[in-house]
Amino acid sequence: MTEEALQRKKFEFIEDIPGIGPSTAKKLHELGFHTVESLAMATIRELEEAGISEKRAAEIIRAARSSISLSFIRADELLKKRENVQRLTTGSKKLDSLLGGGIETQTITEFYGEYGSGKSQMAHQLCVNVQLPIEKGGLDGGALYIDTENTFRTERIVQMARHVGLDPNEVVKNIILAEAYTSDHQMFLLENCDRIIKENNIRLIIIDSLTAHFRSEYIGRENLALRQQKLNKHMHKLIRLARAFNAVAFVTNQVMSSPDVFFGETIRPIGGHIVGHTSHTRVFLRKSSRGSIRIARLVSSPYLPEGETIFKITENGIEDVEEEQ
Ligand code: GTP
Ligand code: MG
């Protein structure tokens, strides 16, 4: 096939791409590539793991990319201008504006904070909000919730859905839950979710918590390098899914306090600089002295200034705090 003909050809399944025979397809499936979209975001090195030569890997990736060219390649170019990025509302207008209009697609947003600070509540709220139409701050899509601590509560989703005027029975159908038992299982789930994302029009991928399993399994200095390497790989997979499907990637992270020579004690997110560098937007959540009120601090963002705002967690979900009388 000529380059031009390839350019126009649309492949529905990875098996349709020239150069992918049955045995290669099987290996690619084993590596977690089930859709043309995920192949379009693959790296040559990853395909080499399936025993594919460098040259053929490049051709396959190119064919996959051009196959989704109308929606994807053009989007990728637009991405440079950030025009294709969409935003998902948190439920609080103040928090949305701190984040530049909501949580953006195609990058990772990390909320970190101590227990009870509202990370999982935010995750639940996003699962509901993502199903809202675009004009109401949603993305008109479903959610994938990778739950590592058995946190997910359907009843809470029902409450939140009622409040935003969505049919709770429909809302719960559009949330795909995946319980991760270990860090390896967590990685496996993410590596194999591309087909689920595509088939269910998933526009929000949640990992709650990103780091808990890694933290409890890789103990001690001698395991730190391996832990960081695995976390790094995991985060990169997440970024690529977020880009391929123009989805929001939302992860939660705990904090640890460490003694600091100058400041006495500092609170830091788990995972150090690897999680820090690949999370494009980081928000630090704190409880306040007033029960339901939480303080959100934008700690890092590629282009927004640092800042702080408050919101509250009520029966309805995440809401703005009314102005004081
Ligand atoms: P860890 O996962 O333990 O690190 O904490 P987290 O940051 O995920 O905390 P989470 O989001 O679970 O927040 C729990 C807090 O949300 C509770 O302490 C309550 O204040 C609030 N909350 C949770 N469910 C409800 C609810 O149904 N109604 C109300 N009003 N508040 C709730
Ligand atoms: Mg939680």
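When A161 is evaluated against the numbered criteria (1) more than 16 Å from ligand 1 (Cβ to nearest atom); (2) in contact with a Pro (Cβ under 7 Å, 6 or more places away or on another chain), which criterion, by number, is the only one it fails?
With (1) more than 16 Å from ligand 1 (Cβ to nearest atom); (2) in contact with a Pro (Cβ under 7 Å, 6 or more places away or on another chain) applied to A161, the lone miss is (1).
Consider region 106-136. How many of its residues are within 13 Å of ligand 2 (Cβ to nearest atom), hydroxyl-bearing (S, T, Y) and either assigned to a strand (DSSP E or B) or on the phi > 0 side of the Ramachandran plot (or both)?
Total meeting the criteria: 1.
Can you tell me which residue within region 88-102, out of those that are in contact with a helix residue (DSSP H, G or I) (Cβ under 7 Å, 6 or more places away or on another chain) and within 16 Å of ligand 1 (Cβ to nearest atom), is most open to solvent (accessible area, probe 1.4 Å)?
G91
Looking only at region 34-70, filter to residues that are open to solvent by 70 Å² or more (accessible area, probe 1.4 Å) and under 13 Å from F11 (Cα atoms); which one of those is modelled with the lowest pLDDT?
Of region 34-70, the ones open to solvent by 70 Å² or more (accessible area, probe 1.4 Å) are 45, 48-49, 54-56, 59, 62, 65, 70.
Add one more test, that the residue is under 13 Å from F11 (Cα atoms), and what stays is 62, 65, 70.
Details: R62: 87, R65: 83, L70: 39.
Looking at the filtered set, the residue picked out is L70.
Taking region 156-176 on its own, how many of its residues are within 16 Å of ligand 2 (Cβ to nearest atom) and exposed (fewer than 14 other Cβ atoms within 10 Å of the Cβ)?
0
Just give me the residues in region 214-244 being closer than 30 Å to A40 by Cβ and open to solvent by 70 Å² or more (accessible area, probe 1.4 Å), in sequence order.
L226, Q229, K233, H236, R243
So which pairs qualify, if the first residue must be in region 48-68 and at positive phi, the second must be open to solvent by less than 60 Å² (accessible area, probe 1.4 Å), the Cβ gap must be under 9 Å, and the two must be at least 6 apart or on different chains?
Sorted first by the residue in region 48-68, then by its partner, the pairs are G51/T24.
The values are calculated or read from the model by the stated rules, or taken from the named source; none is laboratory data. Just so you know, these numbers come straight off a predicted model, no measurement behind them. For neighbour counting, all protein chains shown are included, and Cβ atoms are generated from backbone atoms with ideal geometry for every residue, glycine included. Only protein heavy atoms, including side chains, enter the accessible area calculation; ligands, DNA and RNA are left aside. Shrake-Rupley method; radii C 1.70, N 1.55, O 1.52, S 1.80 Å.
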